[in-house]
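Worksheet: one structure, shown below.
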Amino acid sequence: MQKRRCWCLIVCSISLSAAYRNPYFRRSPNILFFMVDDMGWRDLSLHGSNQILTPNLDRMAYQSVVLQSYYSEAICTPARTALLTGVYPSKLGMHGMPLYNSEDRGIPLTERLLPSYLKELGYATHLVGKWHVGMSKKEYLPTSRGYDSHYGMRGGFIDYYTYNKVETWPNGRLLFGLDLFNNDKPQEEEQRYIVDALTDRAVNVIRQHNSSSPLFLHITHNAPHAGNGGGALQPPLYSSIKHQHIANSDRRLYAEIVSHIDQSFGEVVRALSENGMLEDTIIIFASDNGAPTTGEFSNWGINLPFRGKKNTPWEGAVRVPAFVWHSSFTPTVWKGLMHITDWLPTLLAAAGGKVDKQIDGVNQWESIIRNSNSQRNEVLIAVEDSSRNIYGAYRSGDYKIVIGNVTGVSNDYYGEEFLAIKGKEPEYLPSLRSCVVSRIFDRMGIYRQNEDILAMRRATTINAQGPFTNVTLCIPTLTRGCLYNVREDPGERNDLWQRENSIATRLINRLRELWAMQLRRGPPALSAASDPANFNYIWMPWIKSNCTTVATTPDNSNKNTISYINLDDGKRTEVKNLTLSAVVNCEGTTILKNFFCILRSVF
């Protein structure tokens, strides 16, 4: 008997028209989204440091719109969820701690993702690199969510040479296996350094692209994320370790990885140029979150002068390097507030589409290309509602509030000791002039004077407002939060809680509303059936779906239910919409649980 084909098609109230007229370009532009993993603010030399030079990225940035107030999520899975859906991950149960490889969770199948929208506009869509938003069943995988192809890893991180992911459960159980795939095929014969393997694949996608359709190439390097515990920092083995001016040897190894990412970026831009695609390509560069400078999975990246590090509510976790380039742009440093959820509607607008659905992301395209005011005034920065911590962070205008229990969270400044130099730092401007991107721009007749470059570099540099040690910092509690003007005080040093309590009250009330919209996760649903030992030590989907339904959410439907249509008999079934959360209840007895209620009584 022929095996029943599994359909998990989603019919949404979002509509995009392939015939929608593109008001910005003669034809839909190619889109290259180049995302790195765990790179800190201080690790891009664009921001003023000569310790680690990133000439290809910097040279592109000097012809770009640099996003000076760009917010991502604090950690991997939420950041990728926000990018792909345009929705705050807390509303989808994808916030907080990132996915285990062995966890049965993913971006809900009722959500349509960015590549699917672009595909409807005629784009070829390819993912090269990290996924990390669901792998327990095939329906969660990239080629089921709108990508034509995927070459890379499905989980959170891998060894740079063996491509294995080692996972330790809370009870101490150890699982390990290969996590590198070409679509459905495990890459057991691959032998290249992972950054090179991903770069080569991206270059091949560009070279083989049929120019009759626009290209969406999503490159998501796993670098400079730490590898498994036995090899946290893994620079290329085939070259000598440079960066001899960096005194700390771990930071020096990290610098080698960052330099290799910069070279990867240069090679991808070269491929676009050689294939005659560069001038018609929008290029976005961004880190998914700040660096984990110390502690678990530390990579010795630095977020200074920002406070905190990866997986915290502070600026060091969520305010990350980012820029967007097109050959038609006037270079500028744009200070408008932007969030990672904005990319979906922004890129759709650039491609000639639009979203006919209420999402959290806003279309920033006009603001970016015209250097005008941001279309957003607020950002939900963090919602953490776990057994260990309960806290929230929110920005409105220039003000940011952090409230809740941050016990055990990294609340200080990290990495100043890793900035130590022995000997002479490398010269900055010569590295720019000799890099791949500069040579490409020279051939295109795109030049910038040194004084213009240095002026733009100064504009992107955020200087420390004081020492990083022996600083008395506000630490929020369940009864008292911390309030900052992050435009004037990006280092989050000067607490305004008492002085500006009316502002604090306004931000608390809005954060309370956003908190109530979350879909609570519960404990991780880890499955012994996921053990790679069951699949010849390869991380494979272990759940076989029997889905034969189409989820629908028509405009006139009851928002408290979701309708499912059985594809075999056409019958409709309605079930409770589990994406909704109850509002915060000030009559209850749980902790959340009531810290908003407690705070309300303080003023």
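Using the Cβ-Cβ distance between Glu427 and Glu296 with R0 = 30 Å, the FRET efficiency computed as 1/(1 + (r/R0)^6) comes to roughly 0.25.
Take Ser410: with every protein chain present and a 1.4 Å probe, its accessible area is about 30 Å².
Of the peptides 341-353, 26-38, the order by per-residue mean of other Cβ atoms within 10 Å, starting with the highest, comes out as 341-353, 26-38. Summarising the label geometry, the points placed 7 Å from Cα in the beta-carbon direction at Thr330 and Thr469 lie 4.6 nm from one another. Ligands, DNA and RNA left out, the accessible area of the chain computed with a 1.4 Å probe is 48% carbon and sulfur. With R₀ fixed at 60 Å, the C-beta to C-beta distance from Asp489 to Lys544 puts the FRET efficiency at about 0.70. Using a cut-off of 22 Å between Cα atoms, the listed pairs Lys185/Lys310; Lys138/Lys185; Lys138/Lys357; Lys335/Lys424; Lys91/Lys544 include Lys185/Lys310; Lys138/Lys357; Lys335/Lys424; Lys91/Lys544 as exceeding that distance. Only the Cβ atoms of Lys and Arg (+1) and of Asp and Glu (-1) were treated as charged; on that basis the dipole of the chain about its Cα centre amounts to roughly 940 debye.
Summarising the label geometry, the points placed 7 Å from Cα in the beta-carbon direction at Gln208 and Tyr161 lie 2.9 nm from one another. Computing Rg and Dmax of the Cα atoms in Å for the structure here picks out one of (i) 28.3, 107; (ii) 38.2, 132; (iii) 23.4, 75, namely (iii). Computed about the Cα centre, the dipole magnitude for the stretch 265-366 is approximately 400 debye when only Lys and Arg (+1) and Asp and Glu (-1) carry charge, each at its Cβ. Extension gain, Ser372-Ser239: 0.36 nm per intervening residue step, less the Cα-Cα distance, totals 43.4 nm. R0 = 41 Å: FRET efficiency of Asp398 with Ser434, Cβ-based, nearest 0.05? So the FRET efficiency works out to roughly 0.55.
Taking every protein chain into account, the accessible area of the chain amounts to 40 square angstrom per residue (probe 1.4 Å).
Counting 0.36 nm for each residue step from Asn171 to Thr407 and taking away their Cα separation leaves a gain of 82.8 nm. Solvent-accessible surface of protein heavy atoms, probed at 1.4 angstrom with all chains present, puts Lys309, Lys424 in the order Lys424, Lys309, largest first. For the pair Thr505 and Leu454, label points projected 7 Å from Cα toward Cβ lie 5.1 nm apart. Membrane-span-like helices in the chain (whole DSSP H runs, Cα extent of at least 18 Å along the helix axis, mean Kyte-Doolittle hydropathy of at least 0.0): 194-207.
The heavy atoms of Glu296 offer some 140 square angstrom of accessible surface to a 1.4 angstrom probe.
The values are calculated or read from the model by the stated rules, or taken from the named source; none is laboratory data. Remember, it's a predicted structure, so these values are computed and weren't measured experimentally. Here the Cβ is made from the backbone with ideal geometry for all residues, glycine too, and neighbour counts use every protein chain on show. Keep in mind that these areas ignore ligands, DNA and RNA; they rest on the heavy atoms of the full protein, side chains included. Shrake-Rupley method; radii C 1.70, N 1.55, O 1.52, S 1.80 Å.
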